[in-house]
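The values are calculated or read from the model by the stated rules, or taken from the named source; none is laboratory data. Predicted model only: the values in this text are computed from it and were never measured. All Cβ positions, glycine included, derive from the backbone under ideal geometry; neighbour counts span all protein chains shown. Side chains are part of the model used for accessible areas, which takes the heavy atoms of the whole protein and leaves out ligands, DNA and RNA. Shrake-Rupley method; radii C 1.70, N 1.55, O 1.52, S 1.80 Å.
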Amino acid sequence: MPVLPGAEPYRHEGGEVGVLLCHGFTGSPQSLRPWAEHHAARGLTVSLPLLPGHGTRWEDMQLTTWQDWYAEVDRELRALAAHCSRVFVGGLSMGGALALRLAARHGERVAGAVVVNPANKVHGLSAYALPAARHLVRTTKGIASDIAKEGAAELGYDRVPLHAAHSLRTGLRRLDGELPQVTQPLLVLRSAQDHVVPAADSARVLSRVSSTDVTEIVLEHSYHVATLDVDADRVFEESLAFIGRLAPSVGKEGTAAVG
């Protein structure tokens, strides 16, 4: 199936510091494109892949699992690490969970992590019904575009395929057990109002990681997709400042054309 216009992956060859950004469940690179372009314009090398089953139609996602999504970002991290002296990972929602798993599993290959409203658990009674319900019902209502900013929209599926949701639940449970392996500097940006991922998920992440350099910032004016919302500029600037603190060469190589 052709990729939806705007959902294409994004890559930019910049300087020696690389950033891998991971989009969310049923979403697409469109939700993180402004973040990626912001960092590319400051001279960083940026990779924003399209996860398998995303960015086309929900039927395609029904055939994929969390292992497929993680394998994609794992490949991208290895490619970045082969060309960059330092690599940071970041993500929104499920993408934040994927970024944390990269940090847990790759150790020193990851210099730091920036996560926005990271998912840690599939909540509600419906989560316990997923193992059986996915064989009876194919989809439920979508979760895209939880955004406070008027006129802003996320390019994501209007339905959630339940086979994929069940796999996400399995993957998040696996990640939770790996969080103590996260030792890198960590920046968590959490929306005060989020109708998709509760604040408890960020709290769980913060309580489980072994990182000693940890910063949490509350975004007062945005909903779940904060990277497209009122606080988007703050997300980008805080992320860049975090990376610049840990990789002082950022911003000293001159800006590069975005492509």
Query raised in the report: So how do TYR223, TYR10 rank on accessible area, 1.4 Å probe, biggest first, that is with the largest at the start?
Result: TYR223, TYR10
Query - Per residue value of the accessible surface for region 6-68 (all protein chains in place, 1.4 Å probe), Å² - result: 29
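Let me have the relative contact order for the chain, percent, based on Cα pairs under 8 Å that are six or more residues apart.
On the way: 601 pairs, mean separation 57.8, N = 259.
Over the chain, the number comes to 22 percent.
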Query raised in the report: To the nearest 20 debye, what charge dipole does the chain have about its Cα centre, counting +1 at the Cβ of each Lys and Arg and -1 at the Cβ of each Asp and Glu?
Result: 720
Report summary line: Which residues qualify? For THR56, with a placed amide H closer than 5 Å and at least 5 residues away or on another chain, they are LEU4
Query - Nearest-10 value in Å² for the accessible area of LEU63, using the 1.4 Å probe - result: 150
Query raised in the report: What is the extension gain from MET1 to ARG78, computed as 0.36 nm multiplied by their sequence separation minus the C-alpha to C-alpha distance, in nm to one decimal?
Result: 25.0 nm
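So how do 77-84, 158-165, 18-25 stack up, highest first, on mean other-Cβ count within 10 Å? All intermediate terms of the calculation are to be shown ahead of the outcome.
Numbers: 77-84: 16.9, 158-165: 20.1, 18-25: 30.4.
Listed from highest to lowest mean packing, they are 18-25, 158-165, 77-84.
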**Report entry** Dipole magnitude (debye, nearest 20) for region 155-245, charges at Cβ of Lys, Arg, Asp, Glu
**Finding:** 500
Query - Per-pair calculated FRET efficiency, R0 = 22 Å: GLU237 and GLU108 via Cβ, rounded to 0.05 - result: 0.25
Query - Estimated distance in nm for a label pair at ARG174 and GLN193, the labels positioned 7 Å out from Cα along Cα-to-Cβ - result: 3.6
Report summary line: Checked region 144-247 against the a/c 1.5 cut and the a/b vs b/c comparison, axes a ≥ b ≥ c from its Cα gyration tensor; verdict oblate
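Which percent of the accessible heavy-atom area of region 151-259 goes to carbon and sulfur, probe 1.4 angstrom? Please list the in-between numbers first.
Working: 2420 of 4910 Å².
So the carbon and sulfur contribution to the accessible surface is 49 percent.
Taking 30 Å as R0, compute the FRET efficiency from the Cβ-Cβ separation of ILE217 and THR183 and round it to 0.05.
With a Förster radius of 30 Å, E is 0.90.
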Report summary line: The simple spin-label model distance between ALA41 and SER207, using points 7 Å out along Cα→Cβ, in nm, is 4.0
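Would you mind classifying region 20-94 by shape? Square roots of the alpha carbon gyration tensor eigenvalues, ordered a ≥ b ≥ c; an a/c under 1.5 is rounded, otherwise it is prolate if a/b is larger than b/c and oblate if not.
Working: a/c = 2.75, a/b = 1.57, b/c = 1.75.
Note, shape of region 20-94 comes out oblate.
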Requested in this report: Mark the label point 7 Å from the Cα of GLU150 along Cα→Cβ and return the residues of region 199-229 whose backbone N is within less than 18 Å of it.
Outcome: 221-223, 229
Report task. Please name which of PRO161, PRO29, LEU186 has its Cα lying farthest along the dipole of the chain towards the positive end, using unit charges on Cβ (Lys, Arg +1; Asp, Glu -1) and the Cα centre as origin. Result -> PRO161
Query raised in the report: Pulled fully out, how much extra length does the chain show between ASP158 and ALA200, if you take 0.36 nm times their separation in residues and subtract their Cα-Cα distance?
Result: 12.6 nm
